[in-house]
Amino acid sequence: MSPDPAEAQDAARPHLSPARVLDIDSLLDDRQTRIVVCCGSGGVGKTTTAAALGLRAAERGRKVVVLTIDPARRLAQSMGIDSLDNVPRRVKGTEDRGGASRTDSADGDGGRQAGGELHAMMLDMKRTFDEVVEAHADPERAAAILANPFYQSLSAGFAGTQEYMAMEKLGQLRARDEWDLIVVDTPPSRSALDFLDAPKRLGSFLDGRLIRLLTAPAKLGGRAGMAFLNVGMSMMTGTLGKLLGGQLLKDVQTFVAAMDTTFGGFRTRADATYKLLQAPGTAFLVVAAPERDALREAAYFVERLAAEDMPLVGLVLNRVHGSGAGRLSAERALAAAETLDLAGDPASENLEEPRIVDQGGGKAGLRNSPDTYDSSEPPASVTPAPDDGSPAATDDDSPATDPERTVDQLTAGLLRLHADRMQLLSREQRTRDRFAARHPEVAVVEVPALPGDVHDLAGLRDIGDRLAAGRTELP
């Protein structure tokens, strides 16, 4: 009896045990969950995952804003928005969709409810930094800070500024309390540490020894301050002036003098944001792909989140491959392809007498034939080459295409493609098994590798359905 095709496909999918499958819908439906942070290394689909989660939550009745740091602007395109900026924009086509079934759910409506909204925005790092300055300084001092050349460089490119401002914007959105769910697409950092360390790093810089030294004269004031500046600072400023340039040093001193009153605000907000990330209403999702480097980064991030007491809910594993013919192993497929190649190769039948060249005719045959030596007569087997268009040329020199041979070649090629796919599946499975053995407590949900990029709301809905399904469908 032939096996059921559905069972064969099921066997080909690398399922996770039920205890380790992440329930995405339960996470999104929990009204206590106010912030979902998608984090991980670059190039693993964080932006698409964040957008799909936001859309699914909105169509299940929640008011959602997705905060992304996406230089390619794919999120705006997929949501049908011309452009995203530092202000949340409402996404059309996601509201009042209750009752329209998209998935085979128990209640028949796919869990969709009316009343949800989806907004999206893209972080403007410099504008967010400006907003913080304006919020913590009087108008005159804020104007002086914003016009300072050193501040302009700091706000645009200081290491960790983007990560810090992403968390600053998160704090602003949470304080406004206009949305009951905020989904954050974290910056594409080269290291998982950058995201968690950025607030502390920037706060440490603003509270560092060099900054305190540069602000000390302004704090002392009067003659004591001038004496300190002339005696205690002259050697240091002279050296720094030679290294950095006098104008740059002057810009730095002007900046820290103007920022003196706002340093406390930066540190306070950094601490508040860090505590917000540790709050029970926050959920971290680590996003990865079934590749060695991506899962190694994910494992490190999982350990770091645990060390920092951050609420991790699970791992989203994107671009997982599957096969509908998993019963046919790579080894058997390759062996079958080799058999077909040998069966259809005419050269395999002429291997009894090893020869260097084909002796079917021409001068090679004359040179290698012993009958041609010491003979003035041409060999009987040698005939003059027929003219083009003669029956001999068309009938003997143009072998006909064998349909059976063509089918064998195509079949062998498909078998080799299948072997490559099964070897890829095996590598991915070993990589996932290593992660699971190292972190058995982490719930995982798998999303299949798709043939192309997601570029519209329908594609995001499809990703959301697959996230909620908790199993790998065939790509």
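When 73, 90 are screened for being under 20 Å from residue 125 (Cα atoms), surrounded by fewer than 24 Cβ atoms within 10 Å (Cβ to Cβ) and modelled with pLDDT under 95, only 73 passes. Comparison of 443, 419 shows that the only residue that is small (Gly, Ala, Ser), at pLDDT 75 or above and under 30 Å from residue 22 (Cβ atoms) is 443.
Identify the residue in the stretch 1-47 that is at pLDDT below 80 and touching a strand residue (DSSP E or B) at 6+ places or on another chain (Cβ under 6 Å) and, among all such residues, is nearest to residue 170 (Cα to Cα). Among them, the one singled out is 20. The residues in the stretch 145-185 that are in contact with a helix residue (DSSP H, G or I) (Cβ under 7 Å, 6 or more places away or on another chain) and on the phi > 0 side of the Ramachandran plot can be counted, and the count is 1. Hey, does the stretch 99-121 have a residue that's surrounded by 21 or more Cβ atoms within 10 Å (Cβ to Cβ), in contact with a Ser or Thr (Cβ under 8 Å, 6 or more places away or on another chain), modelled with pLDDT of 85 or more and part of a helix (DSSP H, G or I)? Within the stretch 99-121, not a single residue is surrounded by 21 or more Cβ atoms within 10 Å (Cβ to Cβ), in contact with a Ser or Thr (Cβ under 8 Å, 6 or more places away or on another chain), modelled with pLDDT of 85 or more and part of a helix (DSSP H, G or I). Going by the conditions given, is residue 314 modelled with pLDDT under 90, surrounded by 20 or more Cβ atoms within 10 Å (Cβ to Cβ), touching a strand residue (DSSP E or B) at 6+ places or on another chain (Cβ under 9 Å) and among the small types (Gly, Ala, Ser)? No; evaluated as a whole, the condition is false for this residue.
Out of the residues in the stretch 159-212 meeting the condition of being surrounded by 15 or more Cβ atoms within 10 Å (Cβ to Cβ), more than 16 Å from residue 270 (Cβ to Cβ) and acidic (Asp, Glu), tell me which one is modelled with the lowest pLDDT. Going through the qualifying residues, I end up with 185. For the stretch 137-180, the helices (runs of 4 or more DSSP H) that sit wholly inside it and include 3 or more residues that are under 20 Å from residue 69 (Cα atoms) are 149-157, 161-176.
The values are calculated or read from the model by the stated rules, or taken from the named source; none is laboratory data. On a predicted model such as this, the values are computed, not experimentally measured, just so you know. Here Cβ is always computed from backbone atoms with ideal geometry, including for glycine, and neighbour counts include all displayed protein chains.
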